[in-house]
Amino acid sequence: MPVDVEAVARELHTARTQRRTVSTITSRFSGFGLDDAYAVQAAGIRLRLEAGESRVGGKLGFTSRAMQRAMGVDQPNYGILTDAMVVPDGRVRLAELIHPKVEPEIAFGLDADLPAHATAFDVLAATAWVAPCLEVVDSRFDGFRFAAYDNIADNSSAAKFVLGDPQPPSKLDLQVLGLALYDDGELRFTAAGAAALGHPAAAVAWMARNHRLGAGDVVISGGLTAPVDLRPGQVVSAEFDHLGVVTVTTE
């Protein structure tokens with residue numbers, strides 16, 4: 001049975017706004033593929049824009065090889081960021097989410113358009129600033145279980161994101177930039193920028209080759225560690241070498 005793109009997008013939109021889960025799309029439509037998944041994502045973004053939100057950039061998913069192997073895919077995916085996802089004070093209200101998790105990333109602020117065949121060098125040339133980032137992901141599917149195409153349709157599990165202070169990228173080697181992720185003061189994970197497709201700028205370039213990115217966009221380049229489950233009254237911090245600290249506090 002062919003998928004009704006608009007109907008599925010509305011279903012996911014309603015699930016998000018009403019904080020309830022739905023069964024996976026791939027379990028209901030056997031022919032649901034990559035093009036269908038991005039079509040549902042685009043329709044869902046249109047619903048958000050019609051509701052008054054504004055597009056602010058993009059996000060990468062499945063950028064680590066470990067996550068790709070776990071999901072049975074050989075490439076990353078992307079989603080779209082809107083202004084409703086920005087958490088300027090770092091305080092995340094769990095009552096607005098379903099089953100949220102947080103992961104550390106490197107964010108890019110672009111001040112020029114990227115070409116259709118962008119490389120990591122193009123990304124760095126177009127980058128005005130980079131910043132530490134914590135992305136809060138949240139799936140609208142039952143039990144936070146889904147296939148890769150479900151995740152794409154669900155806007156790559158985009159929910160919220162927090163940015164630290166921006167820094168000029170010129171003096172930073174983002175590939176070897178280290179980070180430590182702390183959960184209520186306890187070290188949970190360490191990683192380096194290379195965890196995102198070998199270089200976080202390469203991850204941004206991959207998205208630019210598949211979806212237009214340009215001046216004014218904020219792009220978060222993919223989780224560098226496994227995600228941490230969020231619970232009430234929690235403080236999660238990511239400390240990046242030479243880049244700074246970003247913190248999420250839940251309530």
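Every read-out reported here was derived from the displayed coordinates using simple, explicitly stated rules and does not represent laboratory data. These figures come from a predicted structure and were not determined experimentally. A quick note on method: Cβ atoms are made from the backbone with ideal geometry, for glycine too, and the neighbour counts reach across all protein chains shown.
Structure notes:
- 222 nm mean residue ellipticity, helices alone, for the chain (DSSP H n ≥ 4; -39,500 (n - 2.57); rounded to 500): -7000 deg cm²/dmol
- The trypsin sites (Lys or Arg not before Pro) of segment 80-112 that meet both conditions, a loop assignment by DSSP and at most 12 other Cβ atoms within 10 Å of the site Cβ, are ARG93.
- Note on TRP206, TRP129: ascending count of other Cβ atoms within 10 Å places them as TRP129, TRP206, the fewest first.
- The mean sequence separation of alpha-carbon pairs under 8 Å and at least six residues apart, normalised by the residue count of the chain, gives a relative contact order of 26 percent.
- Within segment 54-250, percent of DSSP bridges classed antiparallel, to nearest 5: 90 percent
- Reference-scaled alpha-carbon Rg (2.2 N^0.38 Å with N residues) for the chain: 0.95
- Where trypsin sites (Lys or Arg not before Pro) fall in DSSP loop in segment 147-205, at most 11 other Cβ within 10 Å: LYS171
- Neighbour-limited loop hits for GluC sites (Glu not before Pro), segment 52-137 (at most 16 other Cβ within 10 Å; DSSP other than H, G, I, E, B): GLU53
- Label-reachable residues, segment 53-83, where backbone N falls under 19 Å from a point 7 Å from ASP113's Cα toward its Cβ: 55-58
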